[in-house]
Each structure stands twice: as C-alpha cells, then as structure tokens.
Amino acid sequence: MTTSPSRTDGAPPPVRPTPLRVLAVAAALGVLGALALAALFRALEATPPLVPWLSPVALFVLVAFVGWLARSVHVRVQKRRERVEPSRAVAWLALGKAAALGGAVVAGGYLGYALNFITRLDAAAPRERVVFSAWSVLAGIALTVVGLALERACRVPGDEENPEDAENTPERP
C-alpha cells in the first residue's frame, strides 16, 4: 500500500492570520478575568489596586516599537521584496501574533477593571482607576492593530492571489 505525498511534502501547514474571533475571545477572557479579580477584592473586603500611570505609557512604547517593526518589515518584504531569513521572519510573525493576542487580552482586562468603578466617578481613586484603565484599553487596542499589521507585513507577496502557487514558492519568510 502506497501513500500519496502530502501537498507540502512533510512541511508544516502555512501559518494563517490571527482570526478576529480569537481576538474577541481573548478580549472577553480579559474582561472576565478583571471582573473576577474585582469580585475577589470585594469578597476579601480589600482595596483594589490603583492603575499606575506607567501601564499605559509602557504599552504605548510597545505599540511604537511593534508599529515601527511592522512598517520596516512591510517595506522590506512587500515594497523592496527582499529575501528574509526564515528564522527572522518566523520571529517577526510570532511577535506580531503575540502582540495582537496580548493587546486584546490587555484591552479586555483593563476594560473589565474600569467597568467596576464606572459608577463611582465622584471619588478620586475610582476616577483615577477608570482614566488610566481607559488609556490602557486604547493602548491595548493599538497593540492589537500593530500586531496584526506586523503579521500582515510578514506575508510573502502573492500569497493572497494564488494559494496554490504560494505553497510551491521556496522563499517564504
């Protein structure tokens, strides 16, 4: 009995872009985790922690780095069509996927945390939690967007047009 060779001759299947439903689930899990954390603090009658101003700042720095990298990779791969070492391309792709997924979880988590204090904006501490959480939500969304942009920049030109030809192309970043 003979077996026919697989369409990729033993190579792993191509990596697909991160589906939006996966990002939505990640954000929902972030919201649920933050709501559970707030419930735990209420059950323990403990004061919930403040959101440090450094959280959104650090996230925006990460957004700037991943965004810069996405632009750089886009220029190299899509515009100049340079050959890229496969290990480097895989690292960029992994970073893009991690940024997109992590950004969704962070955005959902800070959104859930802010929702716990939205009804108590008259007091300083809850208002501060909501404001810094809102900035962190925006940074998480931006991180998701630039992560997806980095993923997209890693695509080999021509992958979308004809998937049959793309699997026979030896230069895949």
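The values are calculated or read from the model by the stated rules, or taken from the named source; none is laboratory data. Only a predicted model underlies this, so the values are computations on that prediction, with no experimental measurement involved. No Cβ is skipped: glycine too gets one built from the backbone with ideal geometry, and neighbour counts run over all protein chains shown.
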When only residues in segment 115-144 that are touching a residue at least 24 places away in the same chain (Cβ under 8 Å) and of a type in the set (Ser, Thr, Tyr) count, which is farthest from Val61 (Cα to Cα)?
Ser133
Whether any residue in segment 71-79 is at pLDDT 95 or above and either surrounded by 19 or more Cβ atoms within 10 Å (Cβ to Cβ) or not small (Gly, Ala, Ser) (or both) is what I want to check.
yes
Can you name every residue in segment 146-173 that is surrounded by fewer than 16 Cβ atoms within 10 Å (Cβ to Cβ) and either modelled with pLDDT of 95 or more or in a loop (DSSP other than H, G, I, E, B) (or both)?
Pro157, Gly158, Asp159, Glu160, Glu161, Asn162, Glu167, Asn168, Thr169, Pro170, Glu171
Selected residue (criterion: surrounded by the fewest Cβ atoms within 10 Å (Cβ to Cβ)) from residues of segment 37-65 that are of a type in the set (Val, Ile, Thr) and within 30 Å of Gly96 (Cα to Cα):
Val61
Picking from Arg83, Arg88, Arg120, which residue would you name as being surrounded by fewer than 20 Cβ atoms within 10 Å (Cβ to Cβ) and touching an Asp or Glu at 6+ places or on another chain (Cβ under 9 Å)?
Arg83
Out of the residues in segment 29-78 that are under 17 Å from Val145 (Cβ atoms) and aromatic (Phe, Trp, Tyr), which is farthest from the chain's Cα centre (by Cα)?
Trp68
Tell me which residues, restricted to segment 22-46, are free of Cβ contacts under 8 Å to residues at least 12 places away in the same chain and at negative phi.
Val25, Ala36, Ala39, Leu40, Phe41, Arg42, Ala43, Leu44, Ala46
